[in-house]
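A.B. asks: Please find one structure pasted underneath; my questions will follow.
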């Protein structure tokens, strides 16, 4: 099938980035959120990011204006029903995602493909809460979406080949690269990345190094563009903890046990950049380590 209209559930950091790249690639986008402020903020962020691409001569003024014209918003979830493709990009909690799919299923067109941008949750289990597990896939974009080239494609146990091939074509149209993953906890990227971040937190917790020395060591010693603690703040410590819990619960291996210090930061509400405090304090410039 030819996908032309894309519905996006969630106007946060991932949702607005996904809307950005789809609109720029020529798709008509309808984005929904429970908050009008979130939708307005998303449109403003998309415009700022497109303006940045224009200033760097990545796209033209005409490209930017056309992309913005393709994005519409609504606070009514059922409005997305007629879309050819729906991408759920809500918070990384299975109860929230399952409720969204259950609410939208009665309004879907027969051909609509459902996907989730989940970074860790079982695609098979989410698909089972819908009326179309054969037309359901994991569609995991990396953050920040306009910059990162990878999209993980995750087939559930019931996903049919037509759905998989349709999403392969979409990734190609977006100018990105796909990596196919089996439906096991955290898939490929986060199965490898999150334990590394968790081990960096253990290294801090056990006093092996400070925030600054751990991040400097990994940036200069392994040529990573960001240190693991800085990256955790960028991702969101609540998201990191949620993924570690999915790994620990799903694989029952103690090597995935979340570090108590990571749990403590989340309990304190120190979630990283989005709350202005995490392993760094972003209320000052430059950000200062909090330990």
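Throughout, read-outs are computed from the coordinates displayed, never taken from laboratory work. Bear in mind the structure is a predicted one, so any value in this text is a computation, not a measurement. When we count neighbours, we look across all protein chains shown, and the Cβ atoms used for this are built from the backbone with ideal geometry, even at glycine.
A.B. asks: Sort the following peptides by mean Cβ neighbour count (other Cβ atoms within 10 Å, averaged over residues), highest first: 270-277, 133-140.
C.D. replies: Per-residue mean Cβ counts within 10 Å order the peptides as 133-140, 270-277.
A.B. asks: A follow-up question, please. What would the Debye equation give as log₁₀ I(q)/I(0) for the chain at q = 0.07, 0.09 Å⁻¹, counting only Cα atoms as equal point scatterers?
C.D. replies: -0.27, -0.45
A.B. asks: Using DSSP, restrict attention to beta bridges with both residues in the chain and report what percent are antiparallel, rounded to the nearest 5.
C.D. replies: 25
A.B. asks: Report Rg/Rh for region 240-291, rounded to two decimals, where Rg is the Cα radius of gyration and Rh the Kirkwood radius.
C.D. replies: Dividing the radius of gyration by the Kirkwood radius yields 1.10.
A.B. asks: Now, a different point. Using the per-residue mean of other Cβ atoms lying within 10 Å as a proxy for protection, in what order, highest first, do the peptides 59-65, 261-267 fall?
C.D. replies: 261-267, 59-65
A.B. asks: Another one. Note the full-extension length gain between residue 184 and residue 157 as 0.36 nm times their separation in residues minus their Cα-Cα distance, in nm to one decimal.
C.D. replies: 8.6 nm
A.B. asks: Suppose R0 equals 45 Å; then what is the FRET efficiency for residue 284 and residue 150 from their Cβ-Cβ distance, rounded to the nearest 0.05?
C.D. replies: The calculated FRET efficiency here is 0.85.
A.B. asks: Where a ≥ b ≥ c are the square roots of the eigenvalues of the C-alpha gyration tensor, would you call region 116-212 rounded, which needs a/c under 1.5, or, failing that, prolate if a/b is larger than b/c, or oblate?
C.D. replies: It is oblate, given that a/c is not under 1.5 and a/b is not larger than b/c.
A.B. asks: Would you calculate the separation in nanometres between label points at residue 76 and residue 216, each defined as 7 Å from the Cα along the Cα-to-beta-carbon direction?
C.D. replies: Roughly 5.8 nm, to one decimal.
A.B. asks: Please compute the contact order of region 5-181 in relative form: average sequence separation of alpha-carbon pairs under 8 Å and at least six residues apart, divided by the residue count, as a percent.
C.D. replies: Dividing the mean separation by the residue count of region 5-181 yields 21 percent.
A.B. asks: Would you give the gap between the C-alpha center of region 25-51 and the C-alpha center of region 176-232, rounded to a whole Å?
C.D. replies: 30
A.B. asks: Give me the one-decimal Kirkwood hydrodynamic radius in Å for region 191-289, with the sum taken over alpha-carbon pairs.
C.D. replies: After inverting the mean inverse Cα-Cα distance, the result is 13.4 Å.
A.B. asks: Using 7 Å Cα-to-Cβ label points, what is the residue 249/residue 173 separation (nm, one decimal)?
C.D. replies: About 3.5 nm, to one decimal.
A.B. asks: Against the longest principal axis of the chain, how steep is helix 211-222, in degrees 0 to 90 to the nearest 10, with axes from Cα atoms?
C.D. replies: With rounding to tens, the tilt is 70 degrees.
A.B. asks: Mind running the shape call on region 4-120? Use the C-alpha gyration tensor, a ≥ b ≥ c as the square roots of the eigenvalues: rounded below 1.5 for a/c, prolate if a/b tops b/c, oblate otherwise.
C.D. replies: Cα axes put region 4-120 in the prolate bin.
A.B. asks: So if we plug the beta-carbon distance of residue 102 and residue 223 into 1/(1 + (r/R0)^6) with R0 = 41 Å, what FRET efficiency do we get, rounded to 0.05?
C.D. replies: Approximately 0.35, to the nearest 0.05.
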